[in-house]
Amino acid sequence: FRLNSKTAGPVAEICHRLDGIPPALELAAARLAHFTVSELAQRLDDALAVLRTGRGQRLDRQQTLAATLDWSYELLQPPERAVFRRLAVFAGGFTMDAAASVCDQTVPMATDLVSRLMDKSLVNADIVGSKSRYRLLEVVRQYAEAQLAADELADCRSRHLQWYAEAAAAHDPDRGGAGP
């Protein structure tokens, strides 16, 4: 593989889509024997499937990203697992209030559970201005989403939609909201 003007764009896309996670990037590099860098970049909507090792190989928690995430998930307490799964509906970042609503928790309980997930490196916090915003790395979000049962996913999406519809209405000057 050679990095050049044709491959630089797809390489940057792969690094961005995998959030710079070293094991994920190593697995992606190994897949370049099977795909062009452009093909690999296009297939990362299901990164866990694309980065999985072959069937004949021995699987341990260090060998694939999915197995590592399985191992981490199994270490979570049931309430942490539930919140982790439910946070998958946020394609981007989220506030603690939004997390509490979507995860069907009080804000103090959601704060505690999200904090525990941060301590386990499953949730990241970013400071935007004077406010905290939280997010799951994309590969981690895809894993969490795969853990959601269909009915739980539908409930979370419904709460997500309700939260953001109410937030948008509250900020709509035509509806008496504060506006931007």
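The values are calculated or read from the model by the stated rules, or taken from the named source; none is laboratory data. Computed from a prediction, not measured in an experiment: that's the story for all the values here. Reconstructed Cβ throughout: ideal geometry from the backbone, glycine too, with neighbour counts over all protein chains shown. Protein only, heavy atoms only, side chains kept; ligands, DNA and RNA dropped before computing areas. Shrake-Rupley method; radii C 1.70, N 1.55, O 1.52, S 1.80 Å.
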Checklist entry - Length gain on complete extension for the stretch residue 13 to residue 154, per 0.36 nm per residue less the alpha carbon to alpha carbon distance? => result 47.7 nm
Checklist outcome for this item: When the chain is treated as a Gaussian network with springs between alpha carbons less than 10 Å apart, the largest mean-square fluctuation among 89, 139, 107 is found at 107
Checklist entry - With springs only between Cα atoms under 10 Å, which of 154, 33, 24 fluctuates most in a Gaussian network model of the chain? => result 33
Checklist entry - Counting other Cβ atoms within 10 Å, which trypsin sites (Lys or Arg not before Pro) in segment 1-52 have at most 10 and lie in a DSSP loop? => result 2
Checklist outcome for this item: Rounded to the nearest 500, the 222 nm mean residue ellipticity computed for the chain from DSSP H runs (n ≥ 4, each -39500 (n - 2.57)) alone is -16500 deg cm²/dmol
Checklist entry - In Å², what does the accessible area per residue of segment 126-173 work out to with a 1.4 Å probe? => result 61 Å²
Checklist entry - Where in the chain are the DSSP H helices whose alpha-carbon span along the long axis reaches 27 Å or more and whose Kyte-Doolittle mean is at least -0.5? => result 150-170
Checklist outcome for this item: Residue separation between residue 49 and residue 171 times 0.36 nm, minus their alpha-carbon distance, gives in nm 39.9 nm
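Counting only protein heavy atoms, what percent of the accessible surface of segment 113-180 is carbon or sulfur at a 1.4 Å probe?
Working: 2180 of 4220 Å².
Roughly 52 percent, rounded to a whole number.
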Next on the checklist: Please state the shape class of segment 115-178: rounded when a/c is under 1.5, otherwise prolate if a/b exceeds b/c and oblate if not, all from the C-alpha gyration tensor.
Outcome noted: oblate
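Which of rounded, prolate or oblate describes segment 1-46 when judged by the alpha-carbon gyration tensor and an a/c cut-off of 1.5? If you can, show how the numbers build up before the last one.
On the way: a/c = 1.38, a/b = 1.26, b/c = 1.09.
Since a/c stays below 1.5, the shape of segment 1-46 is classed as rounded.
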Next on the checklist: Over the chain, what is the relative contact order in percent, taking alpha-carbon pairs closer than 8 angstrom and at least six residues apart?
Outcome noted: 19 percent
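Report the local net charge at residue 105: Lys and Arg +1, Asp and Glu -1, summed over other residues whose C-beta lies under 12 Å from its C-beta. Working shown, then result.
Numbers: positive: 86, 159; negative: 80, 97, 104, 112.
With Lys, Arg at +1 and Asp, Glu at -1, the net is -2.
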